[in-house]
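Asker: Below you'll find the structure I mean.
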Amino acid sequence: MWLIPLVATGIAAVFAAMLLRQYVARRGQAQLLWAISMAMFAVASAAVTIGAASGWTSTLFAVYWAFGAVLTVPFLAGGEIVLLFRQPWVRWTTWIVLIFSVAYTFSVLRQAPFDAVALAERLPSGKLVFGDGSAAHRLPQLFSYPAFFILVAGALWSAWKMRGRPELKDRFVGTLLIVIGSTIVAGGATFAAFSLLTGFIVTLVVGIAVMFWGFLRASKPVVVPEVVVVPTSA
């Protein structure tokens, strides 16, 4: 069972490396934020791999909760925001909000109690580990849920602007695949809430694979059709 999330770890790590390479080449803030997000996804998937293989500890669950359940999606959404809005103040505001999100998340988790009985599950539920309605349990509602809607709305808006342009077909399809993949990953939260390990890790792998496919499709070079000028006789 642990091999499945290990696949997700590998895909996310390659995804992060390719995004980081794009950032180095283009210096695009969106690529940097997305690379950080995919690195977080890889770390969270690695925590699931270890937890499924050898059991969960409070530290392992905190890593999975912080990087997987809480922070991955906000960094994806942040990348989408700075891609759509190029003003410097938008970029700086986005970074400030994300840095605050990271600091607040780890501050809450550092003080949170971890239920040892709940950690004995194959896939512990945050509701049972931290307690229903606790600050740690509500972290995804505070950061990840709103960020998901921002991500989907921004990506769909980007796709809408590209519609009907043959030279942007790959980017259009790739953007939609990224939306679909992120939605699949988000749907895995339902399985996680009920400690259903198999359903959760399947959505984890399928979702990141679809997102990676979308990234590869969207990264294809844009080929602008040549305009052929037909000479007319005088």
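Asker: Quick one: is Gly55 over 24 Å from Gly214 (Cα atoms) and out of contact with any Leu (no Cβ under 6 Å at 6 or more places or on another chain)?
Answerer: yes
Asker: Another one. So the check is Cβ under 8 Å with 6+ separation or different chains; which pairs have a first residue in the range 1-21 that's under 20 Å from Val202 (Cα atoms) and a second one that's of a type in the set (Val, Ile, Thr) and surrounded by fewer than 20 Cβ atoms within 10 Å (Cβ to Cβ)?
Answerer: If the second residue must be of a type in the set (Val, Ile, Thr) and surrounded by fewer than 20 Cβ atoms within 10 Å (Cβ to Cβ), the pairs left are Met1/Thr198; Trp2/Ile50; Ile4/Val202.
Asker: Could you list all residues from the range 48-73 that are under 22 Å from Ile150 (Cα atoms) and open to solvent by less than 40 Å² (accessible area, probe 1.4 Å)?
Answerer: Answer for the range 48-73, where residues must be under 22 Å from Ile150 (Cα atoms) and open to solvent by less than 40 Å² (accessible area, probe 1.4 Å): Trp65, Ala66, Gly68, Ala69, Val70, Leu71, Thr72, Val73.
Asker: Right, something else. Quick check on this structure: which one of Val179, Val205, Val117 is in a helix (DSSP H, G or I), over 19 Å from Ala30 (Cβ atoms) and free of Cβ contacts under 8 Å to residues at least 40 places away in the same chain?
Answerer: Val117
Asker: Let me confirm something: among Arg122, Arg110, Arg86, which residue is in a loop (DSSP other than H, G, I, E, B), charged (D, E, K, R) and over 24 Å from Pro5 (Cα atoms)?
Answerer: Arg86
Asker: Mind checking which residues of the range 22-69 are aromatic (Phe, Trp, Tyr) and either on the phi > 0 side of the Ramachandran plot or touching an Asp or Glu at 6+ places or on another chain (Cβ under 8 Å) (or both)?
Answerer: Across the range 22-69, the qualifying residue is only Trp56.
Asker: Separate question: Run down Leu6, Leu20, Leu76, Leu83 and say which single residue is open to solvent by 50 Å² or more (accessible area, probe 1.4 Å) and touching a Ser or Thr at 6+ places or on another chain (Cβ under 6 Å).
Answerer: The match here is Leu6.
Asker: While we're on this one: Quick test for you: out of Thr72, Thr57, pick the one residue that is of a type in the set (Ser, Thr, Tyr), closer than 17 Å to Thr9 by Cβ and touching a residue at least 60 places away in the same chain (Cβ under 8 Å).
Answerer: Being of a type in the set (Ser, Thr, Tyr), closer than 17 Å to Thr9 by Cβ and touching a residue at least 60 places away in the same chain (Cβ under 8 Å) holds for just one of Thr72, Thr57, which is Thr72.
Asker: In the range 22-49, how many residues are of a type in the set (Val, Ile, Thr), closer than 21 Å to Ala209 by Cβ and either without any contact (Cβ under 8 Å) to a residue 40 or more places away in the chain or not in a helix (DSSP H, G or I) (or both)?
Answerer: Adding up the residues that qualify gives 2.
Asker: Looking at this structure, is Phe114 more than 21 Å from Ile208 (Cβ to Cβ), touching a His at 6+ places or on another chain (Cβ under 6 Å) and among the aromatic types (Phe, Trp, Tyr)?
Answerer: Taking the combined requirement at face value, the residue does not satisfy it.
Asker: How many of the residues in the range 170-218 are open to solvent by 60 Å² or more (accessible area, probe 1.4 Å) and under 21 Å from Ala17 (Cα atoms)?
Answerer: Here the count works out to 4.
Asker: Against the conditions (1) surrounded by 16 or more Cβ atoms within 10 Å (Cβ to Cβ); (2) modelled with pLDDT under 95, where does Pro140 fall short? Just the number, please.
Answerer: Every listed condition holds for Pro140 apart from (2).
The values are calculated or read from the model by the stated rules, or taken from the named source; none is laboratory data. Predicted model, so just to flag it, every value in this text is computed and none were measured. Cβ atoms come from the backbone with ideal geometry, glycine included; neighbour counts cover every protein chain shown. Just so you know, the surface numbers come from the protein's heavy atoms only, side chains and all, with ligands and any DNA or RNA stripped out. Shrake-Rupley method; radii C 1.70, N 1.55, O 1.52, S 1.80 Å.
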